Amino acid sequence: MDSPTDKNVSMLETEYESGAADTEFAKKYGHLKGAKIRTVSEAFAEFTDIVGSPVNAVYKNMITDIVSTTHLMVSNARFKRDAVWSLGIVSSLNLLLKNYPEPEQAKQIKSALFECMFMDEAEVLAEAKSIEDWAQGKTKDDVLAELKGEGSSPIAAIAKAAKNDEFWMYSRFFGLGLVKVMENVGVEFTPDDVYPVMEQWLGTMGKSHFTASSDSDTYFKIRNKLELMETMMKEIEIREKKRMAERLENKAEMAILAAEREEEMAKETKKEKDEKEEKSKTVEP
């Protein structure tokens with residue numbers, strides 16, 4: 001025989017309806033119940049089709065990661081793109097593809113990412129530029145003041161909107177956008193120096209800094225990895241150029257030797273011909 005507690009649990013399980021809870025969250029997002037969302041593999045397949053050619057093998061894992069994580073971000077109902085986020089994704093792509101071996105394909109990769117996320121690339125670039133333009137000549141304290149949401153800058157407007165939205169969602173590129181702002185306003189660009197500034201800035205917005213600080217650490221690790229990769233690629237390029245120079249030098253030496261042999265043979269042939277002519281003259285009556 002079921003206990004009263006079991007009956008209550010059973011009733012709760014029976015009466016539950018997805019997206020219909022009596023909460024502010026359900027009221028705001030309940031209408032999205034059952035919405036069809038692309039899988040990560042579907043988003044990546046679309047990205048690959050748009051790029052139209054295989055991604056360089058050295059960059060494949062990093063490109064796969066940025067496409068996958070961006071898709072998961074923008075598919076969240078709470079996601080709202082803002083100019084700081086746009087600066088974060090643009091600066092991340094610039095860092096990742098700075099030394100990509102095929103410059104034209106690097107441009108295609110950027111465009112394909114925005115297209116498969118249903119974003120206008122020109123708009124994203126313009127939003128990113130608006131933050132960088134504003135940050136020129138500013139200090140970290142100027143940014144801190146704007147993050148209180150009381151100024152007239154684009155950063156103040158973003159901070160105010162975040163403060164007023166109880167469901168505001170932090171995502172990686174927002175944090176990396178702030179990291180880029182730090183670089184632009186002269187914060188010492190090391191993980192140890194960025195961490196306390198991130199804590200202060202997000203704390204001023206009334207948001208937790210822990211995930212953002214972790215993302216900034218990841219940014220520096222990837223940057224170091226890319227710098228190491230760049231150094232290795234340059235070393236490989238130098239070695240290849242050296243090998244090519246040696247091959248050309250060997251080829252030139254062989255050509256010179258062949259030319260010298262031909263010249264010697266020509267001399268020998270002429271000598272033999274001259275000797276035959278001399279002999280023929282002496283035997284004539």
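The values are calculated or read from the model by the stated rules, or taken from the named source; none is laboratory data. Remember, predicted model here, so these are calculated numbers, not experimental data. For neighbour counting, all protein chains shown are included, and Cβ atoms are generated from backbone atoms with ideal geometry for every residue, glycine included.
The residue list Glu237, Glu246, Glu278 contains one member that is of a type outside the set (S, T, N, Q), at pLDDT below 80, out of contact with any Cys (no Cβ under 8 Å at 6 or more places or on another chain) and farther than 30 Å from Val58 by Cβ, which is Glu278. Within segment 202-217, restricting attention to residues that are touching a residue at least 24 places away in the same chain (Cβ under 8 Å) and surrounded by fewer than 17 Cβ atoms within 10 Å (Cβ to Cβ), the residue that is farthest from the chain's Cα centre (by Cα) is Gly206.
Between Glu199, Glu227, the distinction of being among the charged types (D, E, K, R), surrounded by 15 or more Cβ atoms within 10 Å (Cβ to Cβ) and in a helix (DSSP H, G or I) belongs to Glu199 only. Tell me yes or no: at least one residue of segment 74-95 is small (Gly, Ala, Ser) and farther than 23 Å from Glu183 by Cβ. Among the residues of segment 74-95, at least one is small (Gly, Ala, Ser) and farther than 23 Å from Glu183 by Cβ, which makes the answer yes.
Is it fair to say Trp134 is closer than 21 Å to Arg81 by Cβ, in a helix (DSSP H, G or I) and touching a Leu at 6+ places or on another chain (Cβ under 9 Å)? In short, no.
Given the structure, is Trp134 free of Cβ contacts under 8 Å to residues at least 24 places away in the same chain, of a type in the set (A, V, I, L, M, F, W, C) and crowded, with 17+ Cβ neighbours inside 10 Å?
So Trp134 fits the description; yes.
Restricting attention to segment 98-110, the residues that are modelled with pLDDT of 95 or more and either buried (at least 21 other Cβ atoms within 10 Å of the Cβ) or within 29 Å of Ser153 (Cβ to Cβ) (or both) total 2.
Let's see how each residue does on (1) surrounded by fewer than 20 Cβ atoms within 10 Å (Cβ to Cβ); (2) within 22 Å of Asn224 (Cβ to Cβ); (3) charged (D, E, K, R):
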| position | (1), (2), (3) |
| --- | --- |
| Ala45 | yes, no, no |
| Ala57 | yes, yes, no |
| Phe79 | yes, no, no |
| Leu96 | no, yes, no |
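Looking only at segment 175-196, residues that are assigned to a helix (DSSP H, G or I) and farther than 15 Å from Gly137 by Cα come to 11 in all. With respect to Lys180, is the statement that it is modelled with pLDDT of 95 or more and under 30 Å from Glu46 (Cβ atoms) true? The answer is yes for Lys180.
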